[in-house]
1. Given Cβ point charges of +1 (Lys, Arg) and -1 (Asp, Glu) and nothing else, what value in debye, to the nearest 20, does the dipole of the chain about its Cα centre take?
2. Given K19/K102; K156/K199; K163/K261; K53/K249; K36/K163; K102/K156, which pairs have Cα atoms separated by over 30 Å?
3. How much accessible area per residue does the stretch 17-110 have, in Å², with a 1.4 Å probe?
4. Taking a cut-off of 13 Å, what percent of all Cα-Cα pairs in the stretch 158-210 are separated by more than that?
5. Does anyone have the angle between helix 212-227 and the longest principal axis of the chain? Alpha-carbon axes, 0 to 90°, nearest 10?
6. Between L94, L30, L258, which gets the highest mean-square fluctuation from a Gaussian network model of the chain, Cα cutoff 10 Å?
7. Per residue, how much space in cubic angstrom lies within the convex hull of the C-alpha atoms of the chain?
8. Go through the stretch 40-81 and name the GluC sites (Glu not before Pro) that are in a DSSP coil and have 16 or fewer other Cβ atoms within 10 Å of their Cβ.
Amino acid sequence: AALEHRNTYRFYNHDMNTKALERIGLENALRHAIDKNELIIHYQPKFQSCMNKVTGVEALIRWQHPERGMVPPMEFIPIAEENQLIIPIGEWVLRTACMQMKEWHDAGHRLSLSVNFSALQFRQLGVSDRVYEILSEIGLEPNCLTIEITESVAMKDVNYTVKTLNALQEKGVKVSIDDFGTGYSSLSYLKRLPISELKIDRSFVRDITTDQDDAAIVEMILVLGQTLKLNMVAEGVETPEQVEFLRDKGCLEMQGYLFSKPITAEEFQSKFLQF
Ligand code: C2E
Ligand code: CA
Ligand code: CA
Ligand code: CA
């Protein structure tokens, strides 16, 4: 048994080393991803539920690794967050997406833009000034931009969140609480936050038509949002039945594969904008 134990230990160790090496490789490659033009943004449209009309897009980062192919954000965002690469990467996303949106606005398409901010990015000193600087530089109106932070990021240090959201709101930038329902928001905190939107997490939307508990949770979130006069968005909508349920309960905006997957700017243009 002792020997077995040792072997297991050694295996485990070996495994850990491979994992660590792999990670270091990924980390080094990520360091050069911006300069090598390996990062791209996909855009997922947001739809108004009553009129089949695109109201805006969410920017979602992709990493086109030369050997590994497309690396999903869930694999490299946490690494970038740990080694602080998320700061330049996040700024690249914001700048690139704003420039793209400016181009669409200039062509007469008044869409809104949503950009995801990580915990570290949101806690960066002077973040609201930095966002405003980039908007001014590009010439995009602040009220077209919505920053998405997850519920857990928002609830971590509520005093900081309130202060930062106030500063952003003063400049005209909107804030949305992403993955709503997965964290544990205190309702009194939620009331204090100057936010304009709640995005209902995909995990609740998935089973609304088959699971009574999920249906009840989504209904409750929608009532809460309506009470607080927030724009409500359901993410991960994949079936017409989900659309019908959500529309019935007064959810005004939806996102999901049923309408469109995240696509390149070119694809978005040819599918949804007539140039
Ligand atoms: P998120 O912000 O909750 O984004 C929604 C995710 O759900 C996206 O995955 C999107 O492709 C996927 N999705 C949308 N509709 C559907 C659907 O109908 N069904 C299913 N199964 N999935 C759907 P993606 O692009 O892989 O992004 C994953 C997460 O990575 C995002 O979750 C976000 O937290 C993070 N992320 C992506 N881009 C950025 C970025 O630029 N900055 C930061 N900080 N995080 C990002
Ligand atoms: Ca999001
Ligand atoms: Ca989300
Ligand atoms: Ca989510």
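The values are calculated or read from the model by the stated rules, or taken from the named source; none is laboratory data. As the structure is a computational prediction, the values presented were derived from the model and not from experiment. In this analysis, Cβ positions are derived from the backbone assuming ideal geometry, glycine residues included, and neighbour counts consider all displayed protein chains. To get the accessible areas, we keep the full protein, side chains included, count just its heavy atoms, and leave off ligands, DNA and RNA. Shrake-Rupley method; radii C 1.70, N 1.55, O 1.52, S 1.80 Å.
1. Value, rounded to 20: 440 debye.
2. The answer is K19/K102; K163/K261; K36/K163; K102/K156.
3. Accessible area per residue, the stretch 17-110: 52 Å².
4. Looking at the stretch 158-210, the distances longer than 13 Å represent 64 percent of pairs.
5. Between helix and principal axis, roughly 50 degrees.
6. L258
7. Expressed per residue, the convex hull around the Cα atoms of the chain is 173 Å³.
8. Filter output for the stretch 40-81: E67.
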